[in-house]
Amino acid sequence: MRVVTNDGTFCGYGKGEDGQLMAMTDEEYHSACPGMTSAATKGIWSSPKSSPYPAPKGLVVLYQIGRGPFCPSVSPFPLKLETFLRFNKIPYMNIHSSRFSKKGKTPWIEYNGQAIADSQFCIDFLSRELGIDMNSHLTPVDKSISRAFQKMSEENTYWSMCYEMFAVPDKTRIAEVMPQYKGFKLWAFTTVFSRVIKKELYYQGIGRHSDEEIWTIGRADLQAISTFLGDKKFFMGDRPSQIDCAMFGMLAQVLWHMPRTRHEKFTHDRLQNIDGYCERMKELCWPDWDKLCLKHPSYQDDNYKTYHTE
Amino acid sequence: MSSQPKIVLYQIGRGPQAPSLTPFAVKLETFLRMARIPYTNQHGRKRSPKGKFPWMIYNGKIISDSQFCIDFLNQNLNIDLNSHLNPEQRAIARAFQKMAEENLYWCLVLCRWVYDNKDWLHRVVCLPKLLIWVVGRNVKSQTNGHGIGRHGYEEMLQIMETDLRAISSYLGDKQFLFGDKPCEADAAIFGQLSQFRWHMPGTKGEQLVSETFANLRAYCERMKNAFWPDWEECITDNGKRKATK
């Protein structure tokens, strides 16, 4: 199928009758995939109408909720998964939509007819299918430390970040990281999402604590991450490993999508090694970073664009 | 001589084969014993203001949440069970503790209330089947919101095994997480592992902690012998007797 921006500029390939990748005209594309639109800027309000997506064999189709204003995603998990795909140069295509997996989660992937949900299960699945091991150079103890830090960041730090962004009275931060929502859509999203997050925070446990207690937890996690990272180039040493995808996904949100929060201020003021680390990951895996940030002048819609297919 | 603070630890009662059915009560009470802090227990159903167990009253002040209790005691009694750790080790300790309490813990909860242990809860802990059903539904709903409840049973077991393998791998043949001297995280991790080791009979979780990762079994015994010499007085032996402590 064909990837087009809103002005019809060609930027991708489709599958022909013989299964080979080929370019299509706009008419061919709209005939083959009616209802498909450039959805990267529309975020969760858009949804492809055809399902499942007819991808060529060997191409990962990555479903995520759309690009962010200052970072390619507003959520750590799509950024983690897409960083993994990029680091390992796995051919993939983005579909930005509100289409969730069967588990009701996003991001998720389709690969050779199989649908896999949950960013970590996606990484584990692709690692097995494609014979990839980003942790091959790590000792068993290193791998265990990686697992511990990844789970701390995804199951503890993450919730303190959700609280700071969505459960505090100041809702202006949400407007800053969701520029595509205005007026009623913004109000609806802010109201509904805040209620959902508060409920999840309460069930998870952290939501039962006071504002100061939740920040104490988040701050201690960020300090631990920074202390362990130290002056290393990547989280476990000189070579990147799988945890760098997860850690970068999480820390990128702190640096770029948590404006005027305690997390952002503490990290900028006291944890400078995190700034340097994220810049290194950005250079390594995201040379086209600016083109994938909604607020950057060079932003380009990459919905249905394929990567690493040459 | 300064007077000892009056510390009362509120918890839900003794467990069938371990001092509590909740890992956080085992954690907090183990910490009190590691730090040699005198305390008394109050077993009952009175929850903390945050709606959870355990909690404590320190000289009349209520403190909820096991970790906040520990932080409060550290600050007010000048305790630091991590004094022998360097900053990197303290960071690693925190990571392992959080993995155990915020990830592995939910596997424990799902196994206990939804998948594996419901029959044991009824037969041994003597909980009514209706209560187990109601709590199981709540747990499913809570864990769905959290995310982990959306996975299938096999996927959840995989998450559990990966976490336990990580703890086992890091522990290796050391006495405690960071060598010969235990630290604060040992109390937390022992709390979680005590449930798999003693309160999940016949389950995959018990098999992993007792057989597959044999060093975790030895670690649990070591923590038990070091800080719970009165273990037998702190359990009900499957409801056959009343715990005396």
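Since every read-out is calculated from the coordinates, none of them should be taken as a lab result. The model shown is predicted, which means the values in this text are computed figures rather than measured ones. Reconstructed Cβ throughout: ideal geometry from the backbone, glycine too, with neighbour counts over all protein chains shown.
Cα centroids of region B:9-36 and region A:92-134: 41 Å apart. Summary of the geometry: region B:61-134 and region A:217-241, compared by the centres of their Cα atoms, lie 25 Å apart. Counting neighbouring beta carbons within 10 Å and listing from fewest to most, the residues B:His151, B:His199 come out as B:His151, B:His199. Of B:Gly13, B:Gly145, B:Gly191, the residue with the greatest mean-square motion in the GNM of chain B, using alpha carbon springs below 10 Å, is B:Gly145. Measuring max minus min along each principal axis, the C-alpha atoms of the protein assembly as shown give extents of 84, 48, 48 Å (largest first).
Adding -39500 (n - 2.57) for every DSSP H run of four residues or longer, then dividing by how many residues the protein assembly as shown holds, sets the calculated 222 nm ellipticity at -14000 deg cm²/dmol. Using C-alpha pairs below 8 Å separated by at least 6 residues, the relative contact order for region A:171-310 is 17 percent. Using all pairs of distinct alpha-carbon atoms, the Kirkwood hydrodynamic radius of region B:98-188 works out to 14.7 angstrom.
Can you give the % of DSSP beta bridges in the protein assembly as shown that are antiparallel, to the nearest 5? Percent antiparallel among DSSP bridges in the protein assembly as shown is about 70. FRET efficiency for the A:His137 to B:Asp173 pair, using the beta carbon distance and R₀ = 25 Å, is estimated at 0.60.
Under a 5 Å amide H cut-off, with hydrogens placed 1.01 Å from N, A:Ser241 pairs with A:Phe235, A:Met236 among residues at least 5 apart or on other chains. Across region B:66-75, computed HN-Hα scalar couplings (Karplus, 6.51 cos²θ - 1.76 cosθ + 1.60, θ = phi - 60°) run 4, 6, 5, 4, 5, 4, 5, 5, 4, 6 Hz from first to last residue, x flagging Gly and Pro.
Based on the reciprocal of the average 1/r between different C-alpha atoms, the Kirkwood radius for region A:69-165 equals 15.0 Å.
Taking amide H atoms as placed 1.01 Å from N in the peptide plane, the amide H of B:Thr22 has no partner under 5 Å among residues 5 or more positions away or on other chains. Restricting region A:179-223 to trypsin sites (Lys or Arg not before Pro) that sit in a DSSP loop and have at most 14 other Cβ atoms within 10 Å of their own Cβ leaves A:Lys182. Projecting the Cα positions of B:Phe68, A:Ile243, A:Met152 onto the charge dipole of the protein assembly as shown (unit charges on Cβ atoms of Lys, Arg, Asp and Glu, taken about the Cα centre) puts B:Phe68 furthest along the positive direction. For region A:165-209 and region B:170-222, what is the centre-to-centre distance using only Cα atoms, to the nearest Å? Taking the Cα centre of region B:170-222 as reference, the centre of region A:165-209 is 39 Å away. Between B:Gln42 and B:Leu9, B:Tyr10, B:Gln11, the built amide H atoms are under 5 Å apart, and every one of these is 5 or more places off in sequence or on another chain.
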